[in-house]
Amino acid sequence: MPQRGAIIDPLTGIARDGARQMLAMALKSEVDEFLALHSEERLADGRARVVRHGSGPERAIQTGIGPLTVARPKVRDRAPDDAGMDRIRFSSAILPKWARRTRSLDALLPVLYLRGVSMGDFQEALTALPGKEAPNVSPGVIARLTAGWQEEYDRWQRRDLSARHYVHIRADGVYLQARMEPVAECMLVVIGATPEGKKELVGFQVGVRESTQSWRELLVDLKARGLGIAPELAVGDGAPGFWKALDEVFPGTRHQRCWFHKIGNVVNKFPKPMIPAVKSDLRDIHHAETRAAAQDAMAVFAEKYGAKYPAAVKCLHKDADALLAFYDFPAEHREHLRTSNPVGSVFATLRHRTARTKGALSQKTARLMVFTLVQAASKTWRRLQGANQLPRIIEGVIFTNGVAKTDAITHSAA
């Protein structure tokens, strides 16, 4: 007899059975790959050193289609303890040892909290997902999770950055209006690109709007915790506070103005019927193959619109150098360097949610929930294209129009 309030859905049952089988197959394949990797490891008597060792006890993993019962495969290293060899241990990347929920559910919980769902209402809100039988999303568990989020946030804010090096950074300020608060706080966000091409959340701090002082406090804190190597390039919008603070803290970092924000500022100075044509002309500038071609397209834009719309032309030309800085970096990176929009896109749904609920949380709770959601989103961020070029930037290789000087010489000689 189904529990009262449970959703009876044969298709979900079929999907759940299929997911359980697929998970079991994935775990088996993961163990097979691990054993193959260590297949040449042998004991003195010739037997395989690393072998299967049954399975752990079954446990229920809460997923978006309900609980999946699964047993984690185990692997044994048969080398004697007194053999003087390091133990070979198997750790599943698919099903970590203590996992009880999928990462998607871990991300969903702070989303629901951000929407204003109280802890007592979580199980009702999650009925259509894990179902009424979900023991790992009870109000008591949610209370422990929120306490854990605060601890994680505090620990993250104190982490040592002395071993970190970010080739590029993107910076933006995000406003979320919290309940019963007179002013929207500005959440200052910095995302960095590592030499390996990974994108990481570098800085996250609440500030008073996007003031120079707020940005200075964030950048000084990063530097004080060991970020001693200045990024080669910073991408941001037109807020002057960030650029002024950046020049004070990391004076060697070059500026790249965000084209997404610049286009919005320029087209606002035109009548609506003209906007599609104006956007096309602006695209000809920032998609030009070379800096010279981009400058020529800027000149054409000024000649075409300068007489009737001088404010638009002035808006475009006042940041000309910073808008075209990406030509001095690898061509493969242009997609990443022309805009800081990836920062804004992370928060787009959060803005929508808080607007719909007219501000769900206090400022302190909103900050904590937003940080938790960004951490969850960061696990799915794509690597940078052309990651192999990042070490060359660090080495000081000069790029002209996206091509390394050494590559250009070699091409000419050929």
Worksheet, complete the sentence: Taking a ≥ b ≥ c as the square roots of the eigenvalues of the Cα gyration tensor, with a/c under 1.5 meaning rounded and otherwise prolate when a/b exceeds b/c and oblate if not, segment 263-334 is prolate
Discussion item. On a 18 Å Cα-Cα criterion, which of the cross-link pairs K272/K318; K269/K314; K262/K318; K28/K74; K223/K244 come out too long?
Written reply: K272/K318
Item to complete: Could you tell me the largest-minus-smallest coordinate of the C-alpha atoms of segment 216-308 on each of the three principal axes, in descending order and whole angstroms?
Response: 50, 28, 19
Worksheet item: Quick one: net charge of G252's neighbours, Cβ under 13 Å, K/R +1, D/E -1?
Response: -1
Practice prompt. Kindly provide the Kirkwood hydrodynamic radius of segment 197-267 in Å, to one decimal, from all pairs of distinct alpha carbon atoms.
Written response: 13.1 Å
Worksheet item: Can you list the residues, at least 5 places off or on another chain, whose amide H is less than 5 Å from the amide H of G226, using H built in the peptide plane?
Response: L161
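Since every read-out is calculated from the coordinates, none of them should be taken as a lab result. From a predicted model like this one, the values you see are computed outputs, not experimental measurements. Here the Cβ is made from the backbone with ideal geometry for all residues, glycine too, and neighbour counts use every protein chain on show.
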